[in-house]
1. Under a cut-off of 25 Å between alpha-carbon atoms, report the lysines in cross-link reach of B:Lys316, not counting same-chain residues fewer than 8 places apart.
2. To the nearest 0.05, what FRET efficiency results for B:Tyr323 and B:Arg238 with a Förster distance of 25 Å applied to their C-beta separation?
3. Would you please give the residues with an amide H less than 5 Å from that of B:Tyr486, counting only those at least 5 places away or on a separate chain, with H modeled from the backbone geometry?
4. Could you grab the relative contact order for chain A? Cα pairs under 8 Å, six or more apart, rounded to a whole percent.
5. Under the Kirkwood approximation for Rh and a Cα-based Rg, what ratio Rg/Rh is obtained for the range A:150-228?
6. Please give the FRET efficiency for B:Asp435 paired with B:Ala510, using the beta carbon to beta carbon distance and R0 = 25 Å, rounded to the nearest 0.05.
7. Scan the range A:71-129 for GluC sites (Glu not before Pro) in coil per DSSP, keeping those whose Cβ has at most 10 other Cβ atoms within 10 Å, and list them by number.
8. Sorted by accessible area (1.4 Å probe), largest first, how do B:Thr67, A:Thr97 line up?
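The values are calculated or read from the model by the stated rules, or taken from the named source; none is laboratory data. Keep in mind it's a predicted model, so treat the numbers as computed, not measured. A quick note on method: Cβ atoms are made from the backbone with ideal geometry, for glycine too, and the neighbour counts reach across all protein chains shown. Only protein heavy atoms, including side chains, enter the accessible area calculation; ligands, DNA and RNA are left aside. Shrake-Rupley method; radii C 1.70, N 1.55, O 1.52, S 1.80 Å.
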2 protein chains.
Amino acid sequence: MTDREPPLDPSPPARLSLRRVAIDTYRENVAYLHRDCDVYRAEGFQALSKVEVRANGRRILATLNVTSDPRLVQCNELGLSEDAFAQMGVEPGHPATISQAEPPESISALHRKIDGERLGREDFHGIVRDIAEHRYSKIELSAFVVATNRGELDREEVFYLTEAMIASGRRVNWNERLVVDKHCIGGIPGNRTSMLVVPIVAAHGLVCPKTSSRAITSPAGTADTMEVLANVELPFERMQELVREHRACLAWGGTANLSPADDVLISVERPLSLDSPGQMVASILSKKMAAGSTHLVLDIPIGPTAKVRSMPEAQKLRRLFEYVARRLDLSLDVVITDGRQPIGNGIGPMLEARDVMQVLENHPNAPVDLRQKTLRLAGRLLECDPDIRGGDGYAIARDILDSGRALQKMLAIIQAQGAKGFDHLHPELGLLTFDVFAPAGGVITGIDNLQIARLARLAGAPKVQGAGVDLARKLGDPVRAGDLLYRVHAAFQSDLEFARQATEKASGYAVGAASELSHVFVEF
Amino acid sequence: MTDREPPLDPSPPARLSLRRVAIDTYRENVAYLHRDCDVYRAEGFQALSKVEVRANGRRILATLNVTSDPRLVQCNELGLSEDAFAQMGVEPGHPATISQAEPPESISALHRKIDGERLGREDFHGIVRDIAEHRYSKIELSAFVVATNRGELDREEVFYLTEAMIASGRRVNWNERLVVDKHCIGGIPGNRTSMLVVPIVAAHGLVCPKTSSRAITSPAGTADTMEVLANVELPFERMQELVREHRACLAWGGTANLSPADDVLISVERPLSLDSPGQMVASILSKKMAAGSTHLVLDIPIGPTAKVRSMPEAQKLRRLFEYVARRLDLSLDVVITDGRQPIGNGIGPMLEARDVMQVLENHPNAPVDLRQKTLRLAGRLLECDPDIRGGDGYAIARDILDSGRALQKMLAIIQAQGAKGFDHLHPELGLLTFDVFAPAGGVITGIDNLQIARLARLAGAPKVQGAGVDLARKLGDPVRAGDLLYRVHAAFQSDLEFARQATEKASGYAVGAASELSHVFVEF
């Protein structure tokens, strides 16, 4: 509470014994005090107040919950939720002190932003530092996210925010002149091009240390799908060895502490479904810079149920990405793609892993759209190589894929990370299934990305690897009444029921006349 | 989850046994599921997701926390935090179903407001209804509060918001032609004029059924201070009897369910220290309309550490109050007052009760500023009586106070509500004390309302009735170095230490030359 030495007091007032409370409060630190605890009487020590807990030379902020259950905490104890306890790095029973939390220093800057002022570089650094140190409550995080939403940040402010987010965490140095990466802004189920682009460009010799996230609101992230094939939780040293040997990896980024403030902000942005351009640019570019990338190909899909719904919106977003990337000295190539429907056939970790392996094996059932998109993105990324002429990338990527060199590289990466022995010809999909059929004849005129993703999640993806949705028809396909549209796989009866109920409300498919099919004009 | 009949399924998937979890999560419903619970596997059932719990024909929304501690909940159980459990109205062990929460219907309107759009009457009614039904998460509440902050609501929108907040709760009808009330926008410690104005105007014969709040961030609300003297938690029927007999009461408003959406919003506005004009107007006027008031005198204090810091700001706020009041057909008289320092001497429930009783008794130690402000406000309120000529109110109020009729009325109200036997000549103040002295000679040139309020809270107010700050000097008083500025009272050693530490950082007093004393020009 104070910078000076504590007052000389024979009984320091707020010394308690730490206890781990086995409650997962999801990124929000919660401290539990017994209602009869002497300390609790002091000001601000009411439920919802923020308290500061110190032990072992560390300090965290937590929301206070009060309990009368001595099995949770006794009067001389201070309980901490799982994440919070882990942050203290001590054994249960360790002494801890608790005091009212001073408001984070950057709160005045937050209030100025709420009032609509433009903030400067130091303001953003202060706010992001406090966020990374978990000094903001969920309420304050939400206030920041709303106050910086939409037109509230100019591009200079987006740059400051990005820069501050990079500074808040670790930054990787690969000691390579050229470190390439690809990224998609998200929102398209099944869009697992990274798992194909990475082996292609690595087979060519480019360094591509790909770290990915797990799904937050989607039915599978690249890390979830890769985990079907191989271990993805690699210590940083192991990642470095892998990249030295194979030029690439496909690992989960969660252990690397890249842009930790972003992880905290996401915990609020997702429940609000807020994904404003400024926050998206700062989030993506800070993670890429922290991961040591020098060249990035960025995929912006557009479509009626994609994150970006029109070409002018996509172009505006592209310009913002380009402005900030230039300020960061990151070479950026933005590609606007068709986001009208899911990519590939399978939605869910195992189904997506199946599609990926089929493309790598040039299997006759391999989804054509996943292959085509992969080759286009890989071609763009290959052109980061100064020895490759603009326009030649696509053909080179195709050669690498068709010749089996991409498959070999992928198998080597899987082996090196620790193979899981996945048999993509006989994947162990969820055994509980139901099918959804076309209600009438015609042509598939719409597939709702959001609803298909929701169904796959309800069915259990990504936690249940074999759960998800397997699409039998894509946009433009002709159907007769009763034809199979998709099959839902689940492992648990309750999941199957949730998915079935949602399907009955909305199947996610529209069938109509061929003339109703919307077109998108995407540049490539 | 769905409006239609549940599917025919021999084993409904999500039926659990309800359990009360003795954790006070302060207005946020939290549901606890065991990590190994079958239901938890389904989509969205991750920490921080919102779930819908149904039992006994009732339905609540809750944030989900996941635990691995079977002492909290077992695999077949669904735990609910104290408030949430109480809302279900069942015994432990009652069967309940749990499902993912559909987002509140009004979320699309919230998103439009976040995007800066102007909302219509129906939008505000939808949002406020969802808020009152606890369908918004803390994150969504925070988003609403920030998105409607400052210039984001025009006065028509403020009217819609107020109207929706009135509609969200109960509305009292006193069957009286004239029901008067007074209210202060807050922020000034010790400002207990209601406890004096009410007996004065009731002694004159006006109906003044005063319901007040308890302190949220201040060291005492009117309800906390009145509770030193009498019972304030009155059933509504008892309040009606009291008002019939005595024309007035001084009760806690919490049981009356007036403007319940406002109570929910406050749980987010206070931690953010947001008190935007629009929200303030909607909050105050909705509560007054719901309480059945026809005439209101509103006190807006201005000063460097008051909520309103300048006269132009106060005038702008006054106009907004007047606009909305006229639309609501509420007769409103706004009074702008001196808010440069606390009113009276005592800060904290018992100290404030002492001041109030001294004014009523015309005691020589009675704080002059509290008496003067009371007479001015009571005079304005008395002029709501059509038989009193404009300008005569002050003198009539003074006669009622000086003659002891106000004291008699107050004693009758105290007796009727249930007297606590408080002896204001020998109040049982906290026995642990420390004094703060003038560091140098001069004149008191500033008293920081915020810091004095903070000290009183740290010392234990309002929970500890006898805790608080007793001011010995006010603005303009001359002091010599070492003269007493104020005494802090506490009942617990830890509270005393918290207050002492805060005092050492900032005493809240400024001593300087008489010429540095700021003046305010307030109309009366």
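1. Straight-line reach from B:Lys316, under 25 Å: A:Lys113, B:Lys113, B:Lys182, B:Lys287, B:Lys288, B:Lys307, B:Lys373.
2. So the FRET efficiency works out to roughly 0.10.
3. Amide H neighbours of B:Tyr486, under 5 Å, 5+ apart: B:Val436, B:Ala472.
4. RCO, chain A: 14 percent.
5. Numbers: Rg = 15.5 Å, Rh = 15.1 Å.
Looking at the range A:150-228, the ratio lands at 1.03.
6. Taking R0 as 25 Å, the efficiency between B:Asp435 and B:Ala510 is 0.90.
7. none
8. Details: B:Thr67 0, A:Thr97 50 Å².
Per-residue accessible area, sorted high to low, gives A:Thr97, B:Thr67.
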